[in-house]
Amino acid sequence: MSEVVVEVRGLEHTYMRGTPMEAPSLKGVDFDVRRGETVALLGHTGCGKSTLVQHLNGLLRPQKGRVRVLEYDLNDPKVDVKALRRRVALLFQNPEAQLFERYVGDDVAFGPRQLGLSREEVRARVREALEAVGLGFEAFKDRLTFTLSGGEKRRVALAGVLALRPEILVLDEPLAGLDPAGRRHLVELIRRLKSEWGLTLILVSHDLEDVVLLADRCFVMADGRVVLSGTPREIFSQPPARLAEFGLQPPAVTAAVHALAEAGLGVRRDCLTVDEAVSEIARALGMGGKPWTSSSCCAT
Amino acid sequence: MDEFELLRYVTVGQYIPTGSLIHRLDPRFKLAAFAVLVGAVTFTGSYLGNAVLLVLIVGLVFLSRVPLRYVLSGLRPALPVLLLLAALQILLYTPDFTRGTNCTTLFQFWIIHSTTCGVKLAIVSAARFVELLMLTSLLTLTTTTTELTHGIERLFAPLQQRFNFPAHELALIVTITLRFVPTFAEELERIVKAQVSRGADLGQRGRLRFIQQTRALLPMLVPLFLGALRRAEELILAMEARCYMGGKGRTRLIELHSTRQDVVALFVAVLAAATVLLVPWPW
Ligand SMILES: Nc1ncnc2c1ncn2[C@@H]1O[C@H](COP(=O)(O)OP(=O)(O)OP(=O)(O)O)[C@@H](O)[C@H]1O
Ligand SMILES: [Mg+2]
């Protein structure tokens, strides 16, 4: 088993501490990620996911509890957070929030420039990053950032963090607000980051959506705590009522097979994709179709 | 350690509902009392006068039930400026600036000329600064933006009738300014976070932290100003989309009613200001 690169123990966080607007948002979170692994962080709105991931690159420091990322101990006030942030990149939840330069090219180049790379090297990285997210280098490098569409902003922001060539990439709700084609493209890109770039990925999502199927493990958060963890298949096959307890809604496919099983049809309840569900229902109805096994499915 | 929680230190422009007496005052009277107290702070040059005002303001904070610590936390970001100012006043202030003062020179060297007047000026202006900041914070902490707008507008309404003074526009400008202070703190926090998360240096290490940190802020100011302009444009758009027309012929949703409490509050403020300004404090 590979080394543990992120280790969070008993983490607590309160926003606006010491003011009348105090808001406790993390109430003791345990969380860990191994190198090369893809982990999904799930939970309803306001359960503290974004707060948790901001601790992973030192934007927030632990108020209580321990956080270690790679060899950096974030409880140590003298830790070199700058070095940490170059190895652990964070894509913010709101893509507009991450762009600050006027031109797309400058914005993507910000990270590499901070690394002190040569002009050519910076240019090469910007080209690579923009092309990785599916934006043409020549077409986009001189565009004004505020003239981009929401989906393009998201991609530019992603290019900006990819240009750092991080080891660990944290994506906070990368799919929110994208159209189906944009989602497919991004899921495909994340799949490539995982297999070709070999990144350790942490995906945040408030929904059990397709991107979660890319994960090796999921953590479900509710109200500032981790309440459930396991493989995507284990999480998705939880009874819908139990997921609803944590403010999550199962995908339509899973809900459908659950309903069929409740109605007395002998189907497995942990179907994740439409294809799986189709062949499983066909099998249960005696219409042939090969039974499938967990290993032959999706999350690869 | 919350190095980016800038919001926490911005007390001007926030509103904290506690439902206290101060909160319930009629905004017109509250504003008038505020203006009177600001005048008193501005024109009081004595130690004792300032001490009286400070006690009065702290008393008001207690009355408003907003934690005193929170009101004072707004001072933190201003502290370096305050210290620098005091140092300059103590070292460089020469009595020539004032008429007929009897200052004793503490020491003199090259252009440095330190006198007792300089020391007094430094202490008094620091006290004034603290008082003004607390007063302004107190006003916005206890008054909603809507109330402020109505208050300002109504206070200046007579001027509008007489001299065509743009009272409504003035009210709008003041309101927007106050409302946007925390918004800009938020915006700055966002930019700082975006930059440091991509490897920018905030200069936390080393001896000359202060200078380094100031230098590191420069690249963040340009996006902040651009963002401010963009926000202004969005605000205009939002106002026009709601058919905003300005003051003419507008009626009000909320009519203000003053009670005896309000009159008493204003009276207390005037009394305090008169005491502080008219009594010849010994020092
Ligand atoms: N800057 C802030 N100041 C005060 N409270 C905050 C701040 N940011 C977040 N919170 C509060 O902390 C809690 C957790 O917020 P967080 O952003 O971590 O939620 P989240 O799980 O990412 O939600 P979402 O799915 O909507 O992104 C929320 O209740 C939120 O209101
Ligand atoms: Mg979030």
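List of remarks:
- Separation between Cα centres of the stretch A:76-124 and the stretch B:16-49, rounded to whole Å: 47
- Solvent-accessible area per residue for chain A (1.4 angstrom probe, square angstrom): 42
- Cα centroid separation, the stretch B:142-206 to the stretch A:135-211 (Å): 35
- For the stretch A:1-127, the share of alpha carbon pairs falling in successive 5 Å distance bins from zero is 2, 9, 16, 18, 18, 15, 12, 6, 2, 0, 0 percent.
- Each DSSP beta bridge with both residues in the protein assembly as shown is either parallel or antiparallel, and the antiparallel ones are about 60%.
- Simple label model, 7 Å out from Cα along Cβ direction - A:VAL4 to A:THR45, nm: 3.4
- Per residue of peptide A:163-171, the mean number of Cβ atoms on other chains within 10 Å of the residue Cβ is 1.
- CD proxy at 222 nm, helix term only [per DSSP H run n ≥ 4: -39500 (n - 2.57); per residue of the protein assembly as shown; nearest 500]: -16000 deg cm²/dmol
- Of all lysines in the structure, those lying under 22 Å Cα to Cα from B:LYS193, and not within fewer than 8 positions of it along the same chain, are A:LYS49, A:LYS64, A:LYS78, A:LYS82, A:LYS153.
- Model label sites at B:GLU255 and B:VAL119, defined 7 Å from Cα along the beta-carbon direction, differ in position by 6.0 nm.
- Ratio of the Cα radius of gyration of the stretch A:218-272 to 2.2 N^0.38 Å, where N counts its residues: 1.15
- Value in Å of the Kirkwood radius, where chain A supplies the Cα pairs that are averaged: 20.6
- Most positive-pole-ward Cα, B:ALA274, A:LEU84, B:VAL181, against dipole of the protein assembly as shown from beta carbon charges: B:ALA274
- Model label points for B:ARG162 and A:GLU22, set 7 angstrom from Cα along the Cα-to-Cβ axis, are 5.1 nm apart.
- Estimated Rh, the stretch A:126-214: Kirkwood, alpha-carbon pairs, angstrom: 13.5
- Counts of other chain beta carbons within 10 angstrom of each beta carbon in peptide B:214-226 average 1.
- Compactness of the stretch A:1-58 is given as radius of gyration and Dmax, 13.2, 46 Å, from Cα positions.
- Accessible heavy-atom area order of B:SER258, A:SER50, highest first, probe of 1.4 Å: B:SER258, A:SER50
- Quarter the surface of the alpha carbon convex hull of the stretch A:40-85 and you get the mean projected area, 3.6 square nanometres.
- The protein assembly as shown: translational diffusion in µm²/s, Stokes-Einstein, Kirkwood Rh over Cα pairs, 4 °C, 1.567 mPa s: 46
- Here the stretch B:239-275 and the stretch B:74-88 have alpha carbon centers that stand 34 Å from each other.
- Diffusion coefficient, µm² s⁻¹, Stokes-Einstein with Kirkwood Rh over alpha-carbon pairs of the stretch A:141-298 at 25 °C and 0.890 mPa s: 139
The values are calculated or read from the model by the stated rules, or taken from the named source; none is laboratory data. The structure presented is a predicted model; accordingly, all values stated were derived computationally and were not measured. Because the Cβ atoms are built from the backbone with ideal geometry, glycine has one as well, and the counts that use them run over all protein chains shown. Just so you know, the surface numbers come from the protein's heavy atoms only, side chains and all, with ligands and any DNA or RNA stripped out. Shrake-Rupley method; radii C 1.70, N 1.55, O 1.52, S 1.80 Å.
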